[in-house]
Every structure is written in C-alpha cells, then in structure tokens.
Amino acid sequence: NNAIESNIKIYRPDFRKNNADFELIDDTIYFGLTNIKGVGKSVYEKIQKIITENQIDISTIDHINIILFIILDKINSTGAKNLISVGAFDYMKISRKKLLFYLDIISNLSSREKNIILENIDIENNLDEILEKLLPHLNKNRKTKISSLISALKNPAYNLEDDYEWISTTEKRLLGVPITCSVIDGRNTESANCDCQRLNKDKLLPKHIILAAEIHAINIVKTKKGKNPGKEMAFIKINDGTGSSDIIAFPAEFEDFKHLLYEENTVMFSLEQSKNKDSTFIKKCWQI
C-alpha cells in the first residue's frame, strides 16, 4: 500500500518470471509465486522439477494447454487454482475464470485419458477439439461423460469473463492486497472529484470533496466531551486503487449513515477538511 501511494508499481505474480519471492526484475517489483496463498515452497519446487524434466522454456510457452496439462495438472489443485486466480497467466490473454473452468474440465479426466491425450493428440488444439479426438479411445460410459464435458465447453453454464470486484477480492484474499484493480473500479464514480492519493498529498483540494472508496477498517468509539458526550463516532480507513486515507464520522453523521459504514462496503463520500487540514470528516455518504 505504501508503494502504491508513492507511485511505485508492484506487479502481480507472473509465471514467466518464475521468481519464488518478491524480486526486482527489469526495474519492476514482482510478487513471487510463493507469495500466493496456497503456493508454498513445496509447490514451487514441484513446478521447477516439472519444468526441468520436460525441458520447458516457460518464457516462450505460447499455448495455455501446455501449462494446463503438463504443469498445473501435476501440482495440487489449490496451488494450481490460486496461480490462475491471481493472474499469473494473464499474459496468455485468457480470462482467469475461463482458465479455472478449463482446469476443472481437465480434472474430470482419468489418468489414462490424460496419457492418451499427451501421447496421441496435439494439445495445441482447442480443448473441446482435444476431447473430441479422445472419444474414439473410450468405452461407452466414458464417452458419455466426455461428451458432457464437450457440451459444457461449448455452452458454459455461467459467465467466464472476469470482473473488477471478483479480481479485487480474489487478489486481496490470496495476495493480501488487490494489485490489478480496486473494487471501486467497477463502480460508478463519475461524480467523484478526488481520490485517496490526492486527499493525502494535494494541498489544493475542492472545498467539498467527493470521493469513492471501499471501507477497509472502522473503529467505533464513544465521545467523552463536546456537544454529544456518550455518543458514538467512528475513525474510518478507506482505500481505492490509489492508496488509503483516514476519515472521521462525527456523532451526528455517524448516526445518519451508520447503515453504510461497515468494512468492505463501497461508498461515495462527501468530505470536508478541518481548518488546519489535519483531518477529514464525513458530511454525507451514499451507496455505490
């Protein structure tokens, strides 16, 4: 988060880089493969063994089925799914949800069927074509099963396109922080005139600040002094794709908008700064 706020770009894991841990590559900081939840040292070492044994140059792989059949199918399911989910194969220009769908299709094949494919069928064909070429090698029961997989490939039961919210929440879960985008990127923020980075650094802000953000954390306290002793107010940490900021909801505003002020909610805030500009407080907010 500090790097993002300082305009230092941090990139998601890239399978082609094959780095285990955070690494500076060509003046760019990349997450490592073992920085992904569920992809530990043992999974990384298994990948290296597969690459070596199959004499694979991962920097030049140009077909996703090579990765699916020869690498991801040979490691544990959690590690394979999480590599896909954080975008380690985004350079293949295929949506993450579609790759997860393909991986699930392959997981339904028996070891014998996978061996037939690798020994007799060009895996650079489309996956549905590969399965169609597999059919003559199967008995009646398995033909029925594989035919259903072919139908699923041609007519998926759900949308296989990625969306901002899914990418953001998945990266947050598996990397600790969303890298590719923010959940806010998928919201209507046309009325905003500020973002977190500008709020933190710009001294010349609009008098009435409009900012779209996700609530990262909220600390509710009771006032001891002032006009409303004993009333609840809140200190709130918000973030968007540019960084994070701290704002305050005083008792009156907290009472009016407490139904919106909870962690992970996405809100459009109308904010004002204190006279000495050392704090920012909520005037209004609404759901986005």
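The values are calculated or read from the model by the stated rules, or taken from the named source; none is laboratory data. Bear in mind the structure is a predicted one, so any value in this text is a computation, not a measurement. Virtual Cβ from ideal backbone geometry, glycine too; neighbours counted across all protein chains shown. Protein only, heavy atoms only, side chains kept; ligands, DNA and RNA dropped before computing areas. Shrake-Rupley method; radii C 1.70, N 1.55, O 1.52, S 1.80 Å.
General observations
- Here the 3J(HN,Hα) profile of region 65-71, calculated from phi with Karplus coefficients 6.51, -1.76 and 1.60 at θ = phi - 60°, is 5, 5, 5, 5, 7, 8, 10 Hz, Gly and Pro shown as x.
- Calculated P(r) over Cα pairs in 10 Å bins from 0, in percent (choose from (i) 6, 23, 30, 23, 12, 5, 1, 0; (ii) 6, 28, 35, 22, 7, 1; (iii) 6, 23, 24, 19, 14, 9, 4, 1, 0), label: (iii)
- Alpha-carbon Rg/Rh ratio, for region 128-204, with Rh computed the Kirkwood way: 1.34
- ³J(HN,Hα), Karplus 6.51/-1.76/1.60, whole Hz, each residue of region 76-86, x for Gly, Pro: 5, 4, 4, x, 5, 5, 6, 4, 5, 5, 8
- Phi-based couplings in Hz for region 186-194 (Karplus 6.51, -1.76, 1.60; Gly and Pro marked x): x, 9, 7, 10, 4, 7, 5, 10, 7
- Solvent-accessible area of Asp90 with every protein chain in place, 1.4 Å probe, in Å² to the nearest 10: 40
- Two-site label geometry, Thr60 and Asp26: point separation in nm, points 7 Å out along Cα→Cβ: 1.7
- Rolling a 1.4 Å probe over the heavy atoms of the protein chains gives the chain an accessible area of 54 Å² per residue.
- Highest mean first, the peptides 205-215, 2-12 sorted by other C-beta atoms within 10 Å per residue fall in the order 205-215, 2-12.
- Taking the 1.4 Å solvent-accessible surface of region 117-269 as the whole, the part contributed by carbon and sulfur is 48%.
- Relative contact order (percent, whole number), the chain, Cα cutoff 8 Å, 6+ residue spacing: 13
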